[in-house]
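A quick write-up on the structure given underneath.
The values are calculated or read from the model by the stated rules, or taken from the named source; none is laboratory data. Just so it is clear, the model here is predicted, and its values are computed rather than measured. Because the Cβ atoms are built from the backbone with ideal geometry, glycine has one as well, and the counts that use them run over all protein chains shown.
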Amino acid sequence: MKFADVPGNRKSISKLIRSVEEGRIAHSQLFSGPEGSGSIILALAYASFLNCINKQKNEGNEDIPIDSCGECPSCRKIDKLEHPDLHFLFPVVKVEKKELSRDFFTEWREYIIKKNGIVSLNSWYNHIQVENKQGIISVKDISDIISRLNYKNYEAAVKVIIIWLAEKIQYAAAPKILKTLEEPADNTVFILVSENQNQILPTILSRVQITKTQRPNIQEAFSYLSDRHKDQEEQMLYDAIYYSEGNVSKALEYLSDKEDILYFGELFIRWMRTCFAMVATDIFDFSDEFQKLGREKQKYFFQFSAERFSKSFHIDSQIGNIHFYNQNDKVFFEKFSSYIQAEKFPILHEKLNEASFHIERNGNPKIIISDLSFDIGRILRKQQ
């Protein structure tokens, strides 16, 4: 991976390049940004840059003035996830005798290469076929990676450990990694990747240098998708960007199998109509459907819904230009937006966050979605 392969995030890339050139490499770093912002690609590109032996200057490119070559032995091994000094921790679910990240490394390598580094927790769980379970980074996993740090670097100038979704580090495992993050071994860099920085323990946050990542804007997302899907019509690419709200991972899923994202769009509209009607039997029927999604998809649906509330609020408040690529969505949101005034918007977000919190902690999904549906119905019906 090269910095040029990262969708958007040019300011963050420039910051990382300057830190290397000025010899100010933080040994423990956090790349923090929402799903679909390309944080894993950025982490891999950074690992390549740290170890590339033939960096290439890009004259006239202020955003990426220098990049890894992509051709030297180190770059090639990192691209293939075969470098002996590149290590990973990521959420896993105990399956038979497999319980550590390295037990799933074959699947992880296949997954990263298949997805070109654009990953999501949902698709990772689908890949290892544990969709309805929730993975963690366990005490044993942390202990395992720390034990491997006792060995000298095989060939890299800098050993790199990438921890994907650091918020999934088990509470009991956090103390084991604190001293290592504070004083890692020589020529070693930890890169923690997070989609929800607020869920990371303050004791971990205090020991890392934070780099923010963002989802690419429409132009950046279009450029990224068009380079990789030259056979797709422009309208299809813009549809993917619209339905994914700039989430590149979801946009790529839309282009390969758009039925899933279209389903969530239809589900949200149906849910809002059910909430507004406040007919108990309909809400309970909806809760049955919701329960069958599996916990990661349930959490994604709440995230998806929050983005739809934001879009509606922007329409009602006339904030920016809202583009639609689907006539049915346009008709619905132009009417629905009148119910999402400034006073209601933060309350709705708070309710969604609370529901997602309880799903995360294995609450009963039928009760959670039923209670939330009645709450949203009352909020929507409330007169200004």
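Points worth noting:
- Boolean, Ser101 is out of contact with any His (no Cβ under 9 Å at 6 or more places or on another chain), assigned by TED's automatic domain parsing to the domain that holds Gln197 and closer than 26 Å to Leu178 by Cβ: no
- Output for region 93-133, where each listed residue is of a type in the set (Asp, Glu), out of contact with any strand residue (DSSP E or B) (no Cβ under 8 Å at 6 or more places or on another chain) and assigned to a helix (DSSP H, G or I): Glu107, Glu110
- Among the residues of region 119-152, the ones that are at pLDDT 90 or above and of a type in the set (D, E, K, R) come to 3 in all.
- One residue alone among Asn328, Asn362 is within 29 Å of Ala240 (Cβ to Cβ) and surrounded by fewer than 19 Cβ atoms within 10 Å (Cβ to Cβ), and that residue is Asn328.
- Filtered residues of region 229-256 (kept if surrounded by fewer than 16 Cβ atoms within 10 Å (Cβ to Cβ) and in contact (Cβ under 8 Å) with a residue 40 or more places away in the chain): Gln235
- From Asn187, Asn198, residue being on the phi > 0 side of the Ramachandran plot and assigned by TED's automatic domain parsing to the domain that holds Ser48: Asn187
- Taken together, the residues in region 337-384 that are of a type outside the set (Val, Ile, Thr) and closer than 27 Å to Lys292 by Cα amount to 27.
- Scanning region 262-283 for residues that are farther than 19 Å from Arg378 by Cβ and either assigned by TED's automatic domain parsing to the domain that holds Pro34 or not hydrophobic (A, V, I, L, M, F, W, C) (or both) turns up Tyr263, Gly265, Glu266.
- Subset of region 201-223 (residues that are assigned by TED's automatic domain parsing to the domain that holds Ala45 and either assigned to a helix (DSSP H, G or I) or at positive phi (or both)): Pro202, Thr203, Ile204, Leu205
- Residue list for region 333-359, filter: surrounded by 14 or more Cβ atoms within 10 Å (Cβ to Cβ), farther than 19 Å from Phe374 by Cβ and among the charged types (D, E, K, R): Glu334
- Taken as a whole, region 337-351 holds at least one residue that is under 28 Å from the mean Cα position of the chain (by Cα), of a type in the set (Phe, Trp, Tyr), assigned by TED's automatic domain parsing to the domain that holds Phe301 and more than 23 Å from Leu262 (Cβ to Cβ).
- Filter result for Phe286 (touching a residue at least 24 places away in the same chain (Cβ under 8 Å), crowded, with 19+ Cβ neighbours inside 10 Å, among the aromatic types (Phe, Trp, Tyr) and over 25 Å from Glu195 (Cβ atoms)): yes
- Within region 133-145, residues that are in the same structural domain as Ser194 (by TED's automatic domain parsing) reach partners that are buried (at least 21 other Cβ atoms within 10 Å of the Cβ) and charged (D, E, K, R) with beta carbons closer than 9 Å, at six or more positions or on different chains, in the pairs Lys133/Glu296; Gln134/Lys168; Gln134/Glu296; Gly135/Lys168; Ile136/Lys168; Ile137/Lys168.
- Residues of region 73-126 satisfying the condition of being within 26 Å of Tyr224 (Cβ to Cβ) and among the small types (Gly, Ala, Ser): Ser74, Gly117, Ser120, Ser123
- All positions within region 185-199 that are surrounded by fewer than 20 Cβ atoms within 10 Å (Cβ to Cβ) and in contact with a Ser or Thr (Cβ under 7 Å, 6 or more places away or on another chain): Gln197
- Close contacts from region 302-327, counting a first residue that is farther than 18 Å from His349 by Cβ and hydroxyl-bearing (Ser, Thr, Tyr) and a second that is surrounded by fewer than 19 Cβ atoms within 10 Å (Cβ to Cβ) and at pLDDT 70 or above, with Cβ to Cβ under 8 Å and a gap of 6+ residues or different chains, come to Tyr325/Gln235; Tyr325/Tyr238.
- Test: residue in region 224-232 that is among the aromatic types (Phe, Trp, Tyr), within 22 Å of Ser310 (Cβ to Cβ), within 21 Å of the chain's Cα centre (by Cα) and part of a helix (DSSP H, G or I): no
- Some residue of region 124-138 being over 22 Å from Gly294 (Cα atoms), surrounded by fewer than 21 Cβ atoms within 10 Å (Cβ to Cβ) and within 24 Å of the chain's Cα centre (by Cα): no
- Qualifying positions in region 95-114 - modelled with pLDDT under 90 and either surrounded by 14 or more Cβ atoms within 10 Å (Cβ to Cβ) or aliphatic (A, V, I, L, M) (or both): Val95
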